[in-house]
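What follows is a single structure, written as structure tokens, with notes after it.
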């Protein structure tokens, strides 16, 4: 029951993080002025700087929740995946763990790049750090979702 | 302003340093501690082999790898913060390039799962 509740909260935080980082990553590469035009243009026309603190907070909360859930995964889910020889699912989940850890350590550099006033960081560095984090968040979200579908808690 | 620039160098050094050290910790199995979730105990160091085999219990090293890398990255970050500002430019490049290479290395280290 606790694991299920945690997994739901983890998922909700991840959705918020996914939305925020996607907006910011696109805005970092191709910022748009004004809120008129196509959907893609309006998607990019966000105050990307203002997202940074929230993204750091969401990432940390999501990782802490994921770190707790990982204990349940290792006891309840991973052995079942091994018994069913779903090695690729275990491998993909392992990659998610590694990416998440590397992303967590990137947060200080990411935060420095988005703070005001700018400290001389190039737009390329800002865009690459944001895109790397966005990739990690998307990967983690999708693999977590797929793993839960294969053998979620309570199945 | 000076402390702000020092923190900037620390942040870039920490991120890149963590990425490299995490890959090393994962590849060389350098976990600072090992968690046995079914027993609810944490033992120091990378517990492998005979002891773990006797327990017949799942051992978790991820937290230990992160702790190892974080500790080393903290030192590297402090060294980066102490460096002159002219080192900040290569650090900028390394701050995103090194983690990307580290992620590729992590995928490579995970490949054995896909060959089973």
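On the stretch given as the stretch A:58-68, residues that are farther than 10 Å from residue A:20 by Cβ and away from every other protein chain (no Cβ under 11 Å) total 5. A Cβ distance below 8 Å, combined with a sequence gap of six or more or placement on separate chains, defines the contacts here; from the stretch A:1-25, residues that are within 14 Å of residue A:66 (Cα to Cα) reach residues that are outside any helix (DSSP H, G or I) in the pairs A:3/A:153; A:4/A:153; A:4/A:154; A:7/A:152; A:7/A:153.
Cβ-Cβ distances below 8 Å connect the following pairs, each with a first residue in the stretch A:83-94 that is more than 7 Å from chain B (Cβ to nearest Cβ), a second residue that is in a loop (DSSP other than H, G, I, E, B) and modelled with pLDDT under 90, and a separation of six or more residues or different chains: A:85/B:116. The condition (being within 19 Å of the chain's Cα centre (by Cα), crowded, with 20+ Cβ neighbours inside 10 Å, within 13 Å of another protein chain (Cβ to nearest Cβ) and modelled with pLDDT of 85 or more) is satisfied by just one residue among A:26, A:104: A:104. Of all residues in the stretch A:44-66, those that are on the phi < 0 side of the Ramachandran plot and touching a residue at least 24 places away in the same chain (Cβ under 8 Å) have Cβ atoms under 7 Å from Cβ atoms of residues that are surrounded by fewer than 17 Cβ atoms within 10 Å (Cβ to Cβ) and assigned to a helix (DSSP H, G or I), 6 or more apart or on another chain, in A:52/A:111; A:56/A:111; A:58/A:16; A:65/A:6; A:65/A:9. Screening residue B:47 against (1) at pLDDT below 90; (2) crowded, with 17+ Cβ neighbours inside 10 Å; (3) within 15 Å of the chain's Cα centre (by Cα) leaves a single unmet condition, (3).
Among the residues making up the stretch B:79-106, a single one is surrounded by fewer than 16 Cβ atoms within 10 Å (Cβ to Cβ) and either at the interface with chain A (Cβ under 7 Å from one of its Cβ atoms) or on the phi > 0 side of the Ramachandran plot (or both): B:100. Taken together, the residues in the stretch B:21-47 that are out of contact with any strand residue (DSSP E or B) (no Cβ under 9 Å at 6 or more places or on another chain) and within 10 Å of chain A (Cβ to nearest Cβ) amount to 7.
The values are calculated or read from the model by the stated rules, or taken from the named source; none is laboratory data. What you are looking at is a predicted structure, and each value in this text was computed from that prediction instead of being measured. Glycine gets a Cβ as well: all are built from the backbone with ideal geometry, and neighbour counts include every protein chain shown.
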